[in-house]
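Here is the structure we will look at.
The values are calculated or read from the model by the stated rules, or taken from the named source; none is laboratory data. Fair warning: this is a prediction, and the values are worked out from it, not measured in the lab. Glycine gets a Cβ as well: all are built from the backbone with ideal geometry, and neighbour counts include every protein chain shown.
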Amino acid sequence: MAFSPAVLDEIERVALDQQIEPAALKAVVEVESAGRAFTKIDGRDMPLILYEYHVFYRYSDLTDPQRREAVRRKLASPRWGDLPYAKSQAARYNQLTRAAAINEQAAYAACSWGVGQVLGENAVWLGFGTPKALAEKTMEGVAGQLAVMLAFINKAGIMDKLKARDWRGFARRYNGPGQVDYYANRMATAYRRHAGSDWQPPEISPVSLRVGARGPDVADLQRKLRSLGFHLHVDGDFGPATQRMVRQFQAENGLVADGIAGPQTMARIEALRGIN
């Protein structure tokens, strides 16, 4: 999915204001959001969110009765991965509303917000005061979403890596150490396109994952399948259960159902995560 011209213009305006090369910021935003800035909720353009059950559970201001009630309503869990992510943005906003009725700030803290998918729990660290204030900033539009994303980039100390187009250094901190090459390659490719160059860097194909594979890449695959509604335990072990879910995903998406998570399967997973 590609951003509209209006969204690209706003990203460029913010980039120039922050003395960032526009193509570099466009590349990062595109990779993080899969080219989508808004979802329609009750007829209003709203930022994309992802509700995290374990963050709601651990939020410091949550009382024990509230925590028990949230667990009863399947809005909280002590461990990441115990409950599957809601598939649609409408369902995720419904979770936010229901959780906010129990504890408003904990609900906003439990969501990742906007094109940068910055967790509301970071609000105080980033200078927004409360999780709801951070969320409301993203609701102001593309500029608000970018303000939150750039606040995280600055606070994390990686603005220099963004400006230098050090995609590996940037991805290591922003996306975590598990798939540095994967995200760095995608950012580099997007950058070349937005910069207007005909040259494309060589693809660094992610390793195909299959039965017998173990480690963080398998756990990441399992997490992403869970986010799309596939019931799967995240243990970093590509066993028969993971193979079944990969085959089911492939069959539902017109791919060869061989149970191997190769480049085409991973690309389709990423595309669908951007739509949801």
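Whether any residue in segment 52-69 is of a type in the set (Lys, Arg), loosely packed, with under 15 Cβ neighbours inside 10 Å and modelled with pLDDT of 95 or more is what I want to check. Scanning segment 52-69, I find at least one residue that is of a type in the set (Lys, Arg), loosely packed, with under 15 Cβ neighbours inside 10 Å and modelled with pLDDT of 95 or more, so the answer is yes.
Criterion first (outside any loop (DSSP other than H, G, I, E, B) and modelled with pLDDT under 90) does Asp198 satisfy it? Outline the logic, then answer.
Values: outside any loop (DSSP other than H, G, I, E, B): no; modelled with pLDDT under 90: yes.
The answer is no for Asp198.
Does segment 236-258 include one or more residues that are over 27 Å from Gly157 (Cβ atoms), of a type in the set (Ser, Thr, Tyr), more than 20 Å from the chain's Cα centre (by Cα) and modelled with pLDDT of 90 or more?
yes
Collect the residues in segment 20-34 that are surrounded by 19 or more Cβ atoms within 10 Å (Cβ to Cβ) and of a type outside the set (Lys, Arg), keeping them in residue-number order. Listed by number, the residues that qualify are Ile20, Ala23, Ala24, Leu25, Ala27, Val28, Val29, Glu30, Val31, Glu32, Ser33. Test Ala133 against the stated conditions and say whether it is of a type outside the set (Lys, Arg), part of a helix (DSSP H, G or I) and under 30 Å from Gly236 (Cα atoms). Judged against the criteria, Ala133 is not a match.
Among the listed residues Pro84, Pro131, which satisfies the condition of being in contact (Cβ under 8 Å) with a residue 60 or more places away in the chain and out of contact with any Ser or Thr (no Cβ under 6 Å at 6 or more places or on another chain)? Pro84 is the lone residue from the list that is in contact (Cβ under 8 Å) with a residue 60 or more places away in the chain and out of contact with any Ser or Thr (no Cβ under 6 Å at 6 or more places or on another chain).
Of Ala151, Ala251, Ala188, Ala261, which residue is hydrophobic (A, V, I, L, M, F, W, C), farther than 30 Å from Leu8 by Cβ and in contact with a helix residue (DSSP H, G or I) (Cβ under 9 Å, 6 or more places away or on another chain)?
Values: Ala151 fails: farther than 30 Å from Leu8 by Cβ; Ala251 fails: in contact with a helix residue (DSSP H, G or I) (Cβ under 9 Å, 6 or more places away or on another chain); Ala188 fails: farther than 30 Å from Leu8 by Cβ.
Just a single option satisfies the conditions, and that option is Ala261.
Whenever a residue of segment 34-46 is farther than 17 Å from Ser4 by Cβ, its partners that are of a type outside the set (Val, Ile, Thr) and surrounded by 17 or more Cβ atoms within 10 Å (Cβ to Cβ), lying with C-beta atoms within less than 8 angstrom and at least six residues away or across chains, give the pairs Ile41/Gln89; Ile41/Tyr93. Checked against the criterion of being touching a Leu at 6+ places or on another chain (Cβ under 9 Å) and of a type in the set (Ser, Thr, Tyr), segment 87-101 has no qualifying residue.
Here are Tyr108, Tyr174: which of them is farther than 29 Å from Val71 by Cβ and not basic (Lys, Arg)?
Working: Tyr108 fails: farther than 29 Å from Val71 by Cβ.
Going through Tyr108, Tyr174 in turn, the sole match is Tyr174.
Within segment 189-215, residues that are of a type in the set (Gly, Ala, Ser) sit with their Cβ atoms under 6 Å from residues that are at pLDDT 85 or above, at 6+ positions apart or across chains, in these pairs: Ala190/Ala27; Ala190/Glu30; Ala190/Val31; Ala195/Ala23; Ser208/Ile260; Ser208/Gly262; Ala213/Phe238; Gly215/Gly236.
Could you list, in sequence order, all residues of segment 253-267 that are assigned to a loop (DSSP other than H, G, I, E, B) and either surrounded by 14 or more Cβ atoms within 10 Å (Cβ to Cβ) or touching a Ser or Thr at 6+ places or on another chain (Cβ under 6 Å) (or both)?
Here is the first cut: in segment 253-267, the residues assigned to a loop (DSSP other than H, G, I, E, B) are 253-260, 262.
Selection gives Asn253, Leu255, Ala257, Asp258, Gly259, Ile260, Gly262.
The residues of segment 79-93 that are of a type in the set (D, E, K, R) and either assigned to a loop (DSSP other than H, G, I, E, B) or more than 28 Å from Lys40 (Cβ to Cβ) (or both), listed by number, are Arg79, Asp82, Lys87. Beta carbons closer than 8 Å, at least 6 apart along the sequence or on distinct chains, pair a first residue in segment 251-263 that is more than 22 Å from Gln179 (Cβ to Cβ) with a second that is part of a loop (DSSP other than H, G, I, E, B) and not aromatic (Phe, Trp, Tyr) for Ala251/Ala257.
With respect to the conditions (1) surrounded by fewer than 20 Cβ atoms within 10 Å (Cβ to Cβ); (2) part of a helix (DSSP H, G or I); (3) not charged (D, E, K, R), Leu96 falls short on a single one, namely (1). Assessment of segment 107-126 against the conditions (under 26 Å from Ala15 (Cα atoms), among the small types (Gly, Ala, Ser) and in a helix (DSSP H, G or I)) yields at least one matching residue.
Taking segment 160-173 as the region of interest, how many residues are assigned to a helix (DSSP H, G or I) and free of Cβ contacts under 8 Å to residues at least 60 places away in the same chain? Walk me through how you get there before you give the answer.
First, pick out the residues of segment 160-173 that are assigned to a helix (DSSP H, G or I): 160-163, 167-173.
With the extra rule that they be free of Cβ contacts under 8 Å to residues at least 60 places away in the same chain, the set shrinks to 160-161, 167-169, 171-173.
Residues in segment 160-173 being assigned to a helix (DSSP H, G or I) and free of Cβ contacts under 8 Å to residues at least 60 places away in the same chain: 8 in total.
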